[in-house]
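Working notes, structure below.
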């Protein structure tokens, strides 16, 4: 409200209205997200795959849900909401992850955009990603990884791709290297995700 009230002329008058609209919109999104998450958890319990009472008795699970809910409330992005729900579902099915690693992954999820996640998935299994997306694999004798990235995401600029790549590399999720180094067609099919990167993808995998 303080920020909105700084807008000249109408700012002071608009502040309560805008805050009311923003609060209502975020509340609606949060409630819809929590309702969908609850339905998915109840479905897993009905299938005998989880025990909700047991999960809700674990502080680690409650801490995860609390942290994820805060992230869900901070965004209106539907893709991010789905990813956050997947994290809770995955953790409910396998809650043996080390707490430090879990917290690191949660920070990545908070910081990364959907584009980061998609690039991570592409670089971890290039040819599989093409097949799932229904995109023909490029017939390249030689080329750099930018060729396969551009084939999937033609609107991404070189600067944007490099920014995403550096973020993933600096986080230890993909191997060091360059996207522009020429390699054989079979080389482009190889994953450059690290072991830590595959663990992160498992943590957020869509269910």
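The values are calculated or read from the model by the stated rules, or taken from the named source; none is laboratory data. Treat the numbers as computed from the prediction; the structure is a model and nothing was measured. Here Cβ is always computed from backbone atoms with ideal geometry, including for glycine, and neighbour counts include all displayed protein chains.
Restrict the check to the stretch 164-178 and report whether at least one residue is surrounded by fewer than 16 Cβ atoms within 10 Å (Cβ to Cβ) and in contact with a strand residue (DSSP E or B) (Cβ under 9 Å, 6 or more places away or on another chain). Among the residues of the stretch 164-178, at least one is surrounded by fewer than 16 Cβ atoms within 10 Å (Cβ to Cβ) and in contact with a strand residue (DSSP E or B) (Cβ under 9 Å, 6 or more places away or on another chain), which makes the answer yes. Scanning the stretch 80-100 for residues that are within 16 Å of the chain's Cα centre (by Cα) and over 12 Å from residue 204 (Cα atoms) yields no hits at all.
Selection of helices (runs of 4 or more DSSP H) fully inside the stretch 15-117 by the criterion of at least 3 residues being under 30 Å from residue 161 (Cα atoms) and at pLDDT 90 or above returns 59-73, 78-93, 99-111.
The condition of being touching a residue at least 12 places away in the same chain (Cβ under 8 Å) and either farther than 21 Å from residue 78 by Cα or in the same structural domain as residue 87 (by TED's automatic domain parsing) (or both) holds for residue 37. Would you check if there is a residue in the stretch 186-194 being assigned to a strand (DSSP E or B), on the phi < 0 side of the Ramachandran plot and within 16 Å of the chain's Cα centre (by Cα)? Yes, that holds for at least one residue. If the condition is being within 16 Å of residue 109 (Cβ to Cβ) and in contact with a helix residue (DSSP H, G or I) (Cβ under 6 Å, 6 or more places away or on another chain), then the stretch 172-196 contributes 172, 173. The set of residues from the stretch 118-139 being in a loop (DSSP other than H, G, I, E, B) and buried (at least 17 other Cβ atoms within 10 Å of the Cβ) comprises just one member, 125. Scanning the stretch 155-185 for residues that are in a helix (DSSP H, G or I), under 13 Å from residue 123 (Cβ atoms) and in contact (Cβ under 8 Å) with a residue 40 or more places away in the chain turns up 161, 164, 165, 167, 168. Check the stretch 147-161 and report whether any residue there is buried (at least 19 other Cβ atoms within 10 Å of the Cβ) and within 16 Å of the chain's Cα centre (by Cα). Among the residues of the stretch 147-161, not one is buried (at least 19 other Cβ atoms within 10 Å of the Cβ) and within 16 Å of the chain's Cα centre (by Cα), which makes the answer no.
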